[in-house]
């Protein structure tokens, strides 16, 4: 338990450092963008490549992948049913809110938390693969159809998925692990060093993004949506993951703790990117990302106290 709390402390101290840097303006106006792009396009693919190349694929991708997929799909589906009947929002906005309630921040916070709290970045791989290869493209296809009135080709989104640098890095790592191949030392060492920049870059960039954020503005008229999406994300999704993993799949120990922690991660920041792209649910996406990120700490600590 002390090790878990130490892991959380490390993560949030780096986020706080990023926030202070942002408040002081030390790195200039574009620091968040530069750090985020460095982490996404360079460091994270390198980290996942080296991590997955040495992972036990059967342990990582059997039951954890099923739990990640089932808990996310169930949470999204229940949110749509409840809010469609209760709040009666337009379909495009409803889809963005459903993403906010079920899409976890697997990269920017998932990777650091898996490294420092769970002890292995490989635990986030099933969530990343499921979200990047299926869950996010599914939502984007529905959004495209709902906003343009036409169906979008599956091949278009499939092409976007395979060009994603995180997917590319993950697939190379999986291929190496599946074939038992090890990179030559002269290649492995620089790739590993570059991957080491992923976690601090992500956390500093996230701290920078919190500067000036003011969630739950009454003028937006979406406080109920934000509160409901946040509750589904931080309470319902990890609860569903626990019930499925513990009682249906018989998981226990550290693996059970890992699937619950990854399900309890806050809303992914790319939900806001999707909302801005389609001009739907921007306020709900932005506020849910911030609210779940702040509120996820006690939820994760509680999960650690009960399961670690």
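Nothing in this text is a laboratory measurement; each read-out follows from the coordinates by a stated rule. Everything numeric here is computed off the predicted structure, so don't read it as measured data. As a convention, Cβ positions derive from the backbone with ideal geometry for all residues, glycine included, and neighbour counts pool all protein chains shown.
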* Would you kindly state how much longer the chain becomes between residue 211 and residue 29 on full extension, computed as 0.36 nm times their sequence separation minus their alpha carbon distance, in nm to one decimal? => 64.4 nm
* Under a GNM of the chain (C-alpha, springs under 10 Å), which listed residue has the highest mean-square fluctuation: 294, 26, 11? -> 26
* Asked: Taking the simple approach of a point 7 Å from Cα along Cα-to-Cβ for both residue 252 and residue 56, what is their distance in nm?
  -> 1.7 nm
* Structure fact -> Rounded to 0.05, the calculated FRET efficiency for the beta carbons of residue 81 and residue 186 at R₀ = 45 Å is 0.25
* Potential extension, residue 141-residue 302 segment - 0.36 nm per residue separation minus Cα distance -> 54.4 nm
* How far, in nm, would the chain grow between residue 65 and residue 134 when pulled straight, counting 0.36 nm per residue and subtracting the alpha carbon separation? -> 23.6 nm
* To do: Calculate the spin-label point distance for residue 20 paired with residue 175, positioning each point 7 Å from the Cα along the beta-carbon direction, and give it in nanometres.
  => 4.4 nm
* To do: For the range 2-307, just say rounded, prolate or oblate: build the C-alpha gyration tensor, square-root its eigenvalues into a ≥ b ≥ c, call rounded for a/c under 1.5, and beyond that prolate if a/b exceeds b/c, oblate if not.
  => rounded
